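Read through the structure below, which is laid out as structure tokens, and then see the notes.
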Amino acid sequence: MEDSTPISIAIPVYNSAKFLEKCLDSILAQTYKNLEIVVLNNSSTDDSLDIISRYQEKDARIKCYTIPHVPTETWSRNNAYIRTTAEWVIPVDSDDAIEPEYVEKLWKRHMETGAEWVGATMTFVDDNEKIVGRIPKDFFDYNQVLKGKDAVILTLKGWQINGNGALIHRSLVPCIASGETRPLYNVEYDTRIILCHAKAVAFIDAKYFFGYNPNSFGRKPSYSKVTYVLQAFTGLLPFVQQNYDLDSEEVKVTSSTCASMLVPAFIVYLQNKKTFTVEQRCEYKTMCKSLYDNLHFSRVEDSAIKKTVKIVVIWINMILFKIY
């Protein structure tokens with residue numbers, strides 16, 4: 001396989017010592033050799049940095065950077081992105097792994113199609129390494145090449161494609177272009193932004209193994225976990241309204257999904273508000289209000305959702321928006 005083109009692997013790390021060796025081993029085992037491996041240590045408090053240092057000693061392709069702690073997975077990933085130098089970038093989470101031919105398969109698919117974004121298969125594994133699911137599903141057509149906006153549609157009724165571990169042209173990554181690492185929302189929002197700006201999106205059945213790390217910002221019970229989905233939809237609704245016709249199926253689907261999110265979002269707030277700081281309560285309130293303000297209920301097709309949300313929003317205004 002011709003691998004003269006350098007490709008950067010961006011790995012954000014926070015307290016991933018239990019999983020990190022498996023992740024790094026899978027990357028060092030790649031059949032595609034011309035890799036820059038950027039490991040971003042987000043001030044881990046476990047043995048992650050020691051593991052990274054040990055791997056650095058045996059492979060000069062690994063570059064380690066330690067930053068003052070930032071509180072979200074996306075923020076950490078963005079700090080990894082901006083330290084990459086290659087024209088092409090693949091993000092890999094530190095608790096995940098990739099098959100040996102992974103990069104080779106993605107690069108070959110890019111060469112075949114010219115796509116600026118090439119997505120792989122997410123294979124879900126449990127603690128016993130048993131495969132428990134995958135995205136896309138088995139019937140997915142890997143031969144198709146889509147425009148970016150059409151690829152985004154496949155993320156609106158649930159994620160029909162895998163957003164993790166894609167081969168991405170660095171010009172599509174917002175934080176690389178702007179130099180601003182603090183995210184507006186989260187990884188799900190950023191993935192859609194990247195997809196939307198791609199002229200061509202392709203896919204390949206290369207295996208990205210998604211593991212479980214309770215310390216991961218996107219997965220552990222915390223303020224970040226509680227707000228993750230809400231953040232995604234707070235950004236998603238205006239994004240879809242700006243990029244698709246207001247009477248389109250895409251706007252109707254997203255509006256209905258976002259409306260249905262308001263009630264569970266409020267319930268989650270009530271269940272967790274004692275663990276939130278005043279600042280976090282204000283941020284959560286602002287996201288709920290933004291989501292509600294951006295909704296056009298004429299585009300919410302489910303009448304039951306309309307009625308429920310309009311009733312519950314009275315509670316929200318009385319309790320959430322007025323009382324801290």
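The values are calculated or read from the model by the stated rules, or taken from the named source; none is laboratory data. The model shown is predicted, which means the values in this text are computed figures rather than measured ones. We place every Cβ from the backbone using ideal geometry, glycine too, and count neighbours over all the protein chains shown. In case anyone asks, the SASA skips ligands and DNA or RNA and just uses the protein heavy atoms, side chains included. Shrake-Rupley method; radii C 1.70, N 1.55, O 1.52, S 1.80 Å.
Extension gain for Lys149-Lys22 works out to 42.2 nm (0.36 nm per residue, less the C-alpha to C-alpha distance). Computing Cα extents along the principal axes in Å directly from the structure and comparing it against [x] 69, 37, 34; [y] 62, 48, 41; [z] 60, 44, 40 singles out [z]. Label-to-label distance for Thr85 and Phe124 is 4.0 nm, based on points extended 7 Å past Cα in the beta-carbon direction. For Thr66 and Lys289, FRET efficiency with R0 = 51 Å and r from the beta-carbon atoms, rounded to 0.05? That pair, Lys289 with Thr66, gives E of 0.85. What the range 1-68 shows is 44 Å² of accessible area per residue, with the surface traced by a 1.4 Å probe over protein heavy atoms. Taking GluC sites (Glu not before Pro) as exposed when DSSP calls them loop and at most 10 other C-beta atoms lie within 10 angstrom, the chain has its longest site-free stretch at 130-324. Distance between the modelled labels on Lys58 and Lys33, one decimal in nanometres: 1.8 nm (7 Å Cα→Cβ projection). The value of relative contact order for the chain, using C-alpha pairs under 8 Å at least six residues apart, is 18 percent. The accessible-area ordering, largest first, of the residues Arg109, Arg170 stands as Arg170, Arg109, per a 1.4 angstrom probe. Measuring against 19 Å, Cα to Cα, the residue pairs Lys130/Lys207; Lys18/Lys274; Lys149/Lys285; Lys63/Lys207; Lys105/Lys130 contain Lys18/Lys274; Lys149/Lys285; Lys63/Lys207; Lys105/Lys130 as the ones spanning a longer distance. Helix 17-28 axis versus longest C-alpha principal axis of the chain: approximately 50°, rounded to the nearest ten. How far is helix 249-272 tilted, in degrees, relative to the longest principal axis of the Cα atoms in the chain, given as a value from 0 to 90 rounded to the nearest 10? The angle comes out at about 80 degrees. Per atom type, the range 141-188 shows carbon and sulfur on 49% of its accessible surface, probed at 1.4 Å. The C-alpha atoms of the range 68-198 occupy a region whose extents along the principal axes are 41, 37, 31 Å, arranged from largest to smallest. Kirkwood radius for the range 1-111, taken over all pairs of different Cα atoms as the inverse mean of 1/r, rounds to 13.9 Å.
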